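Scroll down for the structure; my scribbles are underneath it.
The values are calculated or read from the model by the stated rules, or taken from the named source; none is laboratory data. No experiment lies behind these values; they were computed from the predicted model shown. For neighbour counting, all protein chains shown are included, and Cβ atoms are generated from backbone atoms with ideal geometry for every residue, glycine included.
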Amino acid sequence: MRIPAVCLAAGSGSRLGRAKPSAELVPGMPLGAAVVRALAGAGYGPVIVVVRPGDDLAWLGTLPDGMPVRPVVCGDASAGMSRSIRCGVRSALEDGEPPDAILIALADMPFLAPGKLAEWRAAWMLEPGLDFVAGRRGGLVLPPVLWSRRRFGDLLRLEGDAGAGALLRSGRLRGAWVELTGFEGFDPDTPEQFEEARAVWQAVMRVHDAQSPRDAFSGKANSMSCKLTRF
């Protein structure tokens, strides 16, 4: 069974004031690189990283030998998230036989550890008749979303900046959910939120020897504001 990941890293980062993938959580660990490594570590392959024209990809750094990462430049990324999704899906379909499913993830959600990301694949493999597996918290549908091969045509017809939200809200698809807790659904949009993300990441690194990153990321948000990306 072959399930690649499409990592959407082509956003402008206008609210943050800079491209989010290159913003460093700690020195030497850009936000986007943390996400790409987590996706590869979860066993998705290849990880197709969709970027804007002009992105020099310096934020990816030196990848470990054998890590299945493939950058793809989306020439019309400025036309909305749907175009990035379409670019990523088309790239995944270039590898011969279509994959069984595709996980679509955002490059600005660094608190999903490899063990957690593997739950999307595990849920779908238990019931491959599903159209999708999505994240969820408190009734909100959240990325990432794993899409069955049957829905690739729908993804290739998406328009605008709403991503695949309309498909998920249509009521005509069968899906399952992976529950998110703590900071797992947090993506920093503003400078203030990014400073919160940096503080959380650094705290996780300090307790890394005592507990797994997955446990730390799924912990309570304490007094920090936890902004969730929704569809």
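Per-structure values
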quantity: Options ASP76, ASP100, ASP108; residue that is free of Cβ contacts under 8 Å to residues at least 12 places away in the same chain, more than 14 Å from LEU168 (Cβ to Cβ) and touching a helix residue (DSSP H, G or I) at 6+ places or on another chain (Cβ under 8 Å); calculated: ASP76
quantity: Complete set of residues in region 166-183 that are at positive phi and touching a residue at least 24 places away in the same chain (Cβ under 8 Å); calculated: GLY182
quantity: Residue count, region 95-111 (criterion: closer than 23 Å to GLY32 by Cβ, assigned to a loop (DSSP other than H, G, I, E, B) and either within 11 Å of the chain's Cα centre (by Cα) or at pLDDT 95 or above (or both)); calculated: 6
quantity: Test: residue in region 6-13 that is free of Cβ contacts under 8 Å to residues at least 24 places away in the same chain and either out of contact with any Pro (no Cβ under 6 Å at 6 or more places or on another chain) or over 26 Å from ASP154 (Cβ atoms) (or both); calculated: yes
quantity: Per-region count, region 136-165, residues in contact (Cβ under 8 Å) with a residue 24 or more places away in the chain, of a type outside the set (Ser, Thr, Tyr) and touching a helix residue (DSSP H, G or I) at 6+ places or on another chain (Cβ under 8 Å); calculated: 15
quantity: Count of region 52-72 residues which are out of contact with any helix residue (DSSP H, G or I) (no Cβ under 8 Å at 6 or more places or on another chain) and β-branched (Val, Ile, Thr); calculated: 1
quantity: Counted residues, region 47-94 - those being aliphatic (A, V, I, L, M), farther than 15 Å from SER22 by Cβ, in contact with a Pro (Cβ under 6 Å, 6 or more places away or on another chain) and not in a strand (DSSP E or B); calculated: 1
quantity: Single residue of region 36-62 satisfying the filter (surrounded by fewer than 16 Cβ atoms within 10 Å (Cβ to Cβ) and touching a residue at least 24 places away in the same chain (Cβ under 8 Å)) that is farthest from GLU184 (Cα to Cα); calculated: PRO53
quantity: Sole exception among (1) within 16 Å of LEU112 (Cβ to Cβ); (2) at pLDDT below 95; (3) surrounded by fewer than 22 Cβ atoms within 10 Å (Cβ to Cβ); (4) not small (Gly, Ala, Ser) for GLU179, by number; calculated: (2)
